[in-house]
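A short write-up of the structure that comes next.
The values are calculated or read from the model by the stated rules, or taken from the named source; none is laboratory data. Everything quoted here is computed from the prediction, not taken from an experiment. Using ideal geometry, Cβ is built from the backbone for each residue, glycine included, and neighbour counts are taken over all protein chains shown. Heads up: the accessible areas ignore ligands, DNA and RNA and are worked out on the full protein's heavy atoms, side chains in. Shrake-Rupley method; radii C 1.70, N 1.55, O 1.52, S 1.80 Å.
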Amino acid sequence: WRDVPFAAVYWSCLEQFKHALSHSDNLGAWGAKYYHEQALKTPPSIDILHAFVSGAGAGAVAGMLTTPFDVVKTRRQMVGASSSDTHLGAFAHMKRIVQNEGVMGLWRGNQTRLMKLVPAYAIMISCYELGKRLFGEVYQS
């Protein structure tokens with residue numbers, strides 16, 4: 001169930017970040033707007049770079065926002081079946097973590113999680129965009 005919020009945040013942020021990069025006035029030749037203003041086709045490298053940066057940013061935001069749910073899932077998996085904690089709902093479990101460890105307890109392990117998520121989602125979306133571009137050209141020819 002924690003994958004749905006992650007995916008919703010990731011894909012929403014991805015599109016917002018890609019739009020912001022492609023319409024930015026501050027990127028010069030690194031931005032798609034530069035090529036559009038000169039009536040040139042945006043080089044594939046710029047599109048892939050925007051996808052990479054957007055994927056990394058979206059992965060970071062989604063990871064940070066959903067880490068508390070990941071912490072709860074991990075903690076629930078760690079307790080034995082005889083523990084009373086197995087019957088707690090996610091928000092009750094979060095409340096217990098905050099009471100015992102403070103708010104930052106909900107983000108325990110966040111840095112490690114982001115070290116995996118950020119490059120993984122940057123690479124994933126870049127490969128997707130590259131494949132879409134390559135196969136689109138093959139299909140059109």
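Annotations for the structure displayed:
- Summed over qualifying helices (DSSP H, 4 residues or more, each -39500 (n - 2.57)) and divided by its residue number, the chain shows a 222 nm mean residue ellipticity of -25500 deg cm²/dmol.
- Column: log10 I(q)/I(0), Debye, Cα scatterers of the chain, q = 0.09, 0.15 Å⁻¹: -0.41, -0.81
- Sulfur and carbon atoms: percent of accessible area, the chain [1.4 Å]: 65 percent
- Across the chain, the mean sequence separation of Cα contacts (distance under 8 Å, 6 or more residues apart), normalised by length, yields a relative contact order of 29 percent.
- On the basis of the beta-carbon distance and an R0 of 25 Å, K33 and W11 show a calculated FRET efficiency of 0.65.
- Heavy-atom accessible surface of the chain, averaged per residue, reaches 64 Å², computed with a 1.4 Å probe.
- Pairs of Lys residues in the chain that lie 8 or more places apart, or on two chains, and have C-alpha atoms under 27 angstrom apart add up to 11.
- With 0.36 nm allotted per residue and the present C-alpha distance subtracted, the Q99-K116 stretch has 3.3 nm of extension available.
- Candidates A20, A56, A39: whichever shows maximal mean-square fluctuation once the chain is modelled as a Gaussian network with Cα springs under 10 Å: A39
- Relative contact order of region 1-79, taken over Cα pairs closer than 8 Å and 6 or more residues apart, is 39 percent.
- Distance between the C-alpha centres of region 1-62 and region 105-121: 21 Å, rounded to the whole angstrom.
- The chain, dipole about Cα centre (Lys/Arg Cβ +1, Asp/Glu Cβ -1), debye to the nearest 20: 500 debye
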